[in-house]
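Questions regarding the structure given below will be posed in turn.
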Amino acid sequence: MDGEPDLLIGGSWQSACDGGRRDIVNPADGSIAATVDEAHPDDATAAIAAARAAFDHGAWPATPVAERCALLDRVADLLARDKEALSLLETRDTGKTLAESRIDIDDVISVFRYYARLAAVQADRVVDVGDPEVISRVVREPIGVCVLIAPWNYPLLQMSWKVAPALAAGCTLVMKPSEVTPLSTIAFTRLLEEAGTPAGVVNLVQGSGARLGPALTDTADVDLISFTGGVATGRVIAETAAKHVTKVALELGGKNPHIVFADAVTNDADFDASVDHVLTGVFLHSGQVCSAGTRLIIEESIADDFVAALADRAARIRVGDGLDPTSETGPLVSEQHRAKVEDYVALGLSEGATLVCGGRRPDDPALAKGSFYLPTIFDGCDRSMRIVTEETFGPILTVERFTEEAEAIMLGNDTHYGLAAGVRTSDAARGERVVRALRHGTVWLNDFGYYTAAAEWGGYGKSGNGRELGPAGLAEYQELKHIWHNTATRPAGWFKG
């Protein structure tokens, strides 16, 4: 980036071994935001070898936990120092608003602070085996070499969910950001180096998954692959890793229901708040969010008024360049991705859904060079439609209607995914019944979209396996070892000869 080598392998910044380069496009105007090194598979193999050597022969896995936690705190300090520069990179890369990018960097800082605190207080477990002469302990050790593959929609945030616990656990790692949005991860890697991460502990390659995937996943030298992305790619990674019995942790997106009961909107204030949360849940970052509430499941008695209000307000969402402070949502990440969203809109129309707003590119000539698309709402949807069952990953909301609580639960669970869901009701007992019945990894009650580093994140079904964040997010990067210590020296008594 900016003429410097962009691959970090074994403590050395390098260019791609075959000289490959890639232009990174600013989706707001189609301009070239940067040109970076495009790794060759041999670079990926070298990065894994460096991580393997650092784990097997280096000091990092046995570094006292207090020192590892101190490193995480130094990283957090550097992130805070460079917050504005990183936020600008994230907006240039993804198109999201600068306000969203700043929130993302704050969350990255929180993740590093959280794992610095958690790892520092995590203790071994003593097991009572009923024998005073035996000391039985369960201890945690780093799992080993980790390949960390992050998506394009939250490049640095999603990478931090992997890097912070991996380093806290004492692992070594190879990072691969999306080839579409690598800029903030490159800058972040330089901060890891500045913070004092030993050579070989952190390695970075970037390039297309199709090009680098086999080298990163089809190897016995990797102990864990953590991937966030689509189901199809996740399935390939799992199948490849299975050949080597490599552990995988997968977060594969969702098709997330947002259930609104009539008793949630009994007055104007509640009505307005509910409309606001539904809009925010689906159209933040132009719907390019794995946990976006893309399926509105609404009680029939309020549906007409509610959908009309949604359409009115969605039409007034300010779409624009993420660097424009008046913009409320930015472009889609690329022309290719916009074409995919447009295909889904055409599909929805052909399936018989009713378009109530959006469904097209904006008219503003100032936005013509960017990958913009208007917030789109389809009413009259049902489970036979692909726009209801498939993850469109764009600014598309589908509306389904119900009359009974049991029907709402059935619809909410009628999905191959299970990442997140929302429920809106003023009835506390109903709220508890419904959130307990929904088979999703995160369920918001009278809210939508928030998370904390201290609570686990992940999904049921085809949304993946394993968890990020929280104590379980650290456990993904640890092996458990049972140590049985017999303090008395005497024969076992089995052999009688």
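So which of ALA187, ALA215, ALA164, ALA169 is at pLDDT 95 or above, touching a strand residue (DSSP E or B) at 6+ places or on another chain (Cβ under 6 Å) and aliphatic (A, V, I, L, M)?
ALA169
Would you check which residues across the range 216-232 are assigned to a helix (DSSP H, G or I) and either over 26 Å from the mean Cα position of the chain (by Cα) or within 20 Å of ARG467 (Cβ to Cβ) (or both) and list them?
Listed by number, the list holds a single entry, VAL231.
Okay, residues lined up against (1) in the same structural domain as VAL289 (by TED's automatic domain parsing); (2) within 17 Å of the chain's Cα centre (by Cα); (3) farther than 23 Å from TRP60 by Cα; (4) in contact (Cβ under 8 Å) with a residue 24 or more places away in the chain:
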| site | (1), (2), (3), (4) |
| --- | --- |
| VAL108 | no, yes, no, yes |
| VAL127 | no, no, yes, yes |
| GLY130 | no, no, yes, no |
| VAL134 | no, no, yes, yes |
| CYS171 | no, no, no, yes |
| LYS176 | no, yes, no, yes |
| ILE186 | no, no, no, yes |
| LEU212 | no, no, yes, yes |
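Results for (1) small (Gly, Ala, Ser); (2) outside any helix (DSSP H, G or I); (3) at pLDDT 95 or above; (4) under 17 Å from TYR417 (Cβ atoms), shown as yes or no for each residue.
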site: GLY234; (1), (2), (3), (4): yes, no, yes, yes
site: ALA238; (1), (2), (3), (4): yes, no, yes, yes
site: ALA241; (1), (2), (3), (4): yes, no, yes, no
site: VAL245; (1), (2), (3), (4): no, yes, yes, no
site: LEU250; (1), (2), (3), (4): no, yes, yes, yes
site: GLY254; (1), (2), (3), (4): yes, yes, yes, yes
site: ILE259; (1), (2), (3), (4): no, yes, yes, yes
site: THR266; (1), (2), (3), (4): no, yes, no, no
site: ALA273; (1), (2), (3), (4): yes, no, yes, no
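Yes or no, residue by residue, for (1) surrounded by 15 or more Cβ atoms within 10 Å (Cβ to Cβ); (2) in contact with a helix residue (DSSP H, G or I) (Cβ under 6 Å, 6 or more places away or on another chain); (3) β-branched (Val, Ile, Thr); (4) modelled with pLDDT under 95:
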site	(1), (2), (3), (4)
PHE378	yes, yes, no, no
CYS381	yes, yes, no, no
PHE393	yes, no, no, no
ARG401	yes, yes, no, no
GLU404	no, no, no, no
ASN413	yes, no, no, no
LEU419	yes, yes, no, no
ARG424	yes, yes, no, no
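Okay, moving on. Could you check how many residues of the range 9-33 are crowded, with 16+ Cβ neighbours inside 10 Å, farther than 30 Å from ALA199 by Cβ and among the β-branched types (Val, Ile, Thr)?
Going through the range 9-33 one residue at a time, the tally reaches 1.
I would also like to ask the following. Determine, yes or no, whether ALA54 is touching a Ser or Thr at 6+ places or on another chain (Cβ under 6 Å) and in contact (Cβ under 8 Å) with a residue 40 or more places away in the chain.
Taking the combined requirement at face value, the residue satisfies it.
The values are calculated or read from the model by the stated rules, or taken from the named source; none is laboratory data. Computed from a prediction, not measured in an experiment: that's the story for all the values here. Using ideal geometry, Cβ is built from the backbone for each residue, glycine included, and neighbour counts are taken over all protein chains shown.
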